[in-house]
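A.B. asks: Below you will find the structure I want to go over with you.
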Amino acid sequence: MILTVTLNPTLDKFYWVDRLPLSLERVEEEILIRAKKSASSAGGKGINVSIFLACMGVDTVAMGFLAGHTGQIILRDVLARGVTANFVWIEGENRTNVTIIERGKEYHPVKIHEEGPPVPARAVEMFLRKYRRMLKRAEYVVLAGALPPGIPTGFYRELVGLANEAGVRGVVHAGLGPLREAMQAKPYFIKPDVREEAEVGGLPARTEEEIIQAGKHAVKQGVEICLISHHVTGDILVTPQGVWDLEARVPLSRYKNLVGADDALVAGVLYRLVEGDSVLDAVRFGMAAAIASAEVEPKLCLVKAAIEQEMQQVVVHRREGG
Amino acid sequence: MKAHEIMRRDLSSVELDTPVSEVIYIMEQSGLSSLPVLDEEGVLVGIISERDLIRAALPGYLEMLHSASFLPSLNQLSKRLKEMAAEPVSKYMRTDVIAVRQEDEDLQIADTLIRNELKQLPVVDDKGHLVGVIRRIDLLYRLV
């Protein structure tokens, strides 16, 4: 079983529009933008990973905090996708994250992200009890996404530590601060994204050379798989066995919705790892899953044949070792 | 159709030492009228429902509600619930849990729901771990 933790779930709301005003600052009157189409689905990085895995037939349980009417909608969608849900209910309302996608500029969406409800200490305690129990049944645990108010930056470090004690492989798919903290507990697999924050585990990661050094540093600290996204179509994989470049030869114009693509990447890697693939093959599949997801309007591409087709577009280049 | 094909994979539950106030809070937030009670291993050991809580607070109150001519004051119920708030759910849960297994057939599940006048049934695996819940509506939805 693969356990996923989404501490700050979201209802992802997408609007597709023909055209956005060139500059919102210049407008003096109210703006009405008519959406050609809209869609919504349960989200948050961990939930996206679970949805992908469940669709591929992998037993997966999603955990985190749900609140209010939005929480009910998220739960309903999660259950409908075949994911087992084990959430803690809190007061307030889960966040809604809005993405506006303009025709012809699909790779530059406009996003509005809410903060999410604060999590009280009592709910954290309840979560930890559930988490410890679920670890007994898990093979991997994915700790993914933003931390809601009330959760300390070092929370993922604690969760990775508990996973290690239980013999469960920890996967951290989160932003700068939470990831840096979590790395101290030696997760098995991390997926930093240096496009947003040019740093991995406290080391600068602006150039390819810096990225590789930061990846090697993470591996020295005990990470087994360090997969670093450094541009839309390229990742660098660093493991104890070597360093590889992965490049997707797909023009940006083919992308329709980039939200969720990096979650498909993590989910794709895990899916193939539990199937018994090598790390390199698993990462190739993960990257294909990310491309396939970016090429469709729904957040995730859940058609295995389409993902396998995309594997032809993924070029792997060995830099060191292997 | 088997239980695992019908069930909601919702593991909303409480533990033996969860206070009654927390149980009521979770029921209110989640919209569930009953919750499975699990031990530290995740094994199903009890069930707590709104009905169990009302009955525990005021024995005979539910029976009184059946009579339209006499509706007792809520003050007593409220006072008693407040007294129970910090007590563990294990004190009020039912331990004679009726559950089905993942491989049980729909006919057997319907029979269990009807015979025992239940709104929902927990589903457990071979080790007794909670793996889901089947509500009457889940069964009806699939039958229609």
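A.B. asks: Of all residues being modelled with pLDDT of 90 or more and of a type in the set (Val, Ile, Thr) in the range A:231-264, which is nearest to the chain's Cα centre (by Cα)? Just the residue, please.
C.D. replies: Checking each candidate, the answer is A:VAL259.
Rundown of residues vs (1) open to solvent by 10 Å² or more (accessible area, probe 1.4 Å); (2) part of a helix (DSSP H, G or I), yes/no style:
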| position | (1), (2) |
| --- | --- |
| A:VAL238 | no, no |
| A:VAL243 | no, no |
| A:LEU246 | no, no |
| A:SER253 | yes, yes |
| A:ASN257 | no, no |
| A:ASP263 | no, yes |
| A:GLY268 | no, yes |
| A:ARG272 | yes, yes |
| A:VAL283 | no, yes |
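A.B. asks: Can you name the condition, by its number, that B:MET84 falls short on among (1) farther than 16 Å from B:MET7 by Cα; (2) touching a strand residue (DSSP E or B) at 6+ places or on another chain (Cβ under 7 Å); (3) surrounded by 15 or more Cβ atoms within 10 Å (Cβ to Cβ)?
C.D. replies: (2)
A.B. asks: Consider A:ILE74 carefully, then state whether it is part of a helix (DSSP H, G or I), open to solvent by less than 40 Å² (accessible area, probe 1.4 Å) and either more than 9 Å from chain B (Cβ to nearest Cβ) or touching a residue at least 12 places away in the same chain (Cβ under 8 Å) (or both).
C.D. replies: Working: part of a helix (DSSP H, G or I): yes; open to solvent by less than 40 Å² (accessible area, probe 1.4 Å): yes; either more than 9 Å from chain B (Cβ to nearest Cβ) or touching a residue at least 12 places away in the same chain (Cβ under 8 Å) (or both): yes.
Answer is yes for this residue.
A.B. asks: Just for the range A:150-206: of the residues that are touching a residue at least 24 places away in the same chain (Cβ under 8 Å) and polar (S, T, N, Q), which one is nearest to A:ASN8 (Cα to Cα)?
C.D. replies: So in the range A:150-206, the residues touching a residue at least 24 places away in the same chain (Cβ under 8 Å) come out as A:150-151, A:153-163, A:166, A:168-175, A:177-178, A:181-195, A:200, A:205.
When the remaining residues are screened for being polar (S, T, N, Q), the result is A:153, A:184.
On the way: A:THR153: 13, A:GLN184: 22 Å.
Looking at the filtered set, the residue picked out is A:THR153.
A.B. asks: Given the conditions (1) at pLDDT 95 or above; (2) closer than 22 Å to A:LEU135 by Cα, which single one is not true for B:GLY42?
C.D. replies: (1)
The rows are residues; the columns are (1) within 30 Å of A:ARG81 (Cα to Cα); (2) in a helix (DSSP H, G or I); (3) modelled with pLDDT of 90 or more.
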{"site": "B:SER21", "(1), (2), (3)": "no, yes, yes"}
{"site": "B:GLN29", "(1), (2), (3)": "yes, yes, no"}
{"site": "B:VAL37", "(1), (2), (3)": "yes, no, yes"}
{"site": "B:SER78", "(1), (2), (3)": "no, yes, no"}
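A.B. asks: Picking from B:SER13, B:SER30, B:SER49, B:SER34, which residue would you name as being facing chain A (nearest Cβ under 9 Å) and either within 12 Å of the chain's Cα centre (by Cα) or buried (at least 23 other Cβ atoms within 10 Å of the Cβ) (or both)?
C.D. replies: Numbers: B:SER30 fails: either within 12 Å of the chain's Cα centre (by Cα) or buried (at least 23 other Cβ atoms within 10 Å of the Cβ) (or both); B:SER49 fails: facing chain A (nearest Cβ under 9 Å); B:SER34 fails: facing chain A (nearest Cβ under 9 Å).
Criteria check complete, one pass: B:SER13.
A.B. asks: Against the definition (at pLDDT 95 or above and open to solvent by less than 100 Å² (accessible area, probe 1.4 Å)), how does B:SER90 come out, yes or no? Walk me through how you get there before you give the answer.
C.D. replies: Details: at pLDDT 95 or above: yes; open to solvent by less than 100 Å² (accessible area, probe 1.4 Å): yes.
Here the answer is yes, as B:SER90 does meet what is asked.
The values are calculated or read from the model by the stated rules, or taken from the named source; none is laboratory data. If you're wondering where the values come from, they're calculated on a predicted model, not measured in any experiment. Quick reminder, even Gly has a Cβ in these numbers, built from the backbone with ideal geometry, and neighbours come from all protein chains shown. Just so you know, the surface numbers come from the protein's heavy atoms only, side chains and all, with ligands and any DNA or RNA stripped out. Shrake-Rupley method; radii C 1.70, N 1.55, O 1.52, S 1.80 Å.
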